[in-house]
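Colleague: The structure is given below, and queries will be raised subsequently.
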Amino acid sequence: MFKQMEKTVSPAECQSLIQITKDLESSYGDVQVKPSPYISFHRINDKTVEFDEVADDRVHKAMYYSIPLKHPINEKLWIIGSDFAFDNKYEFTHCTGANILKYEDDGGHFGWHVDGHNKHDGFSLTMQLSDPSDYEGGIIQFGEDKTGANRTVADDVYKDWELTQKSVKPVHSGLTGQGDCIIYDAFIYHRVTPVTKGTRYALLAFFRNYPEYKGQNLDWASSSQKFKERDDEGNLINHNYPWTGKKKK
């Protein structure tokens, strides 16, 4: 299951987020973003995946930057995620907030994988920040394995990474317009093809459900729970964004 939305943010907003990442590359001082090891350092060890400081290019090659939770993009992500959850009967209590991935033409990619590790993982969101004329390749694709299944859990992907890469085939390619957004179930196969020219920037966020922590602020939680509240007619409240919060019938 996935949903695509065109132009959820403006080109100016996209460029602003890209600039935050570029600022980091010249200084690791008090900039508004920091590199994260969460994806940059995926490593396969004994048919499982670990997160440490030894990168494994078979899995993923890109830099990954965390945007501060106070940045206004996080409120927008929470609102977009709330509409998707409401329409598709997902429950979520937390979001990782905005993160930016930078894929370069030195083989930047992310092989076939799923985001879902356990029952807490719900759905993910990716947003295209780069102008598509700035790069070639770097297409997000969704796939199916040889049995026609499009879902699995992360542990099964990493038990035999090479087999997964050979078995899964693309069935759909995502939108590539600047500001376009794709929201998808955490357990479906997807990948980012290698960037062959230029640099691609994309935003990524994960939505998770921890009922026991509802209303609390985990380290990676984003916007306040209030941005998920709806009135009696199903309209999202406490926000001013026109593309979400439509009246539910």
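Colleague: What FRET efficiency do you get for Asp105 and Leu163 if R0 is 25 Å and r is their Cβ-Cβ distance, rounded to the nearest 0.05? Before the final figure, lay out the partial values.
Modeller: Details: r = 28 Å, r/R0 = 1.11.
Once rounded, the FRET efficiency stands at 0.35.
Colleague: Once the piece of chain linking Val153 and Gln4 is laid out straight, how much longer is it, given 0.36 nm per residue of separation minus the C-alpha distance between them?
Modeller: Details: separation 149, 0.36 × 149 = 53.64 nm, distance 2.26 nm.
This chain segment gains 51.4 nm when fully extended.
Colleague: The range 115-189: D in µm²/s via Stokes-Einstein (Kirkwood Rh, Cα pairs, 10 °C, 1.306 mPa s)?
Modeller: Once the numbers are plugged in, D ends up at 117 µm²/s.
Coordinate-derived values only; no laboratory data. Just so we're clear, the structure is a prediction, and the values are computed from it rather than from any experiment. In this analysis, Cβ positions are derived from the backbone assuming ideal geometry, glycine residues included, and neighbour counts consider all displayed protein chains.
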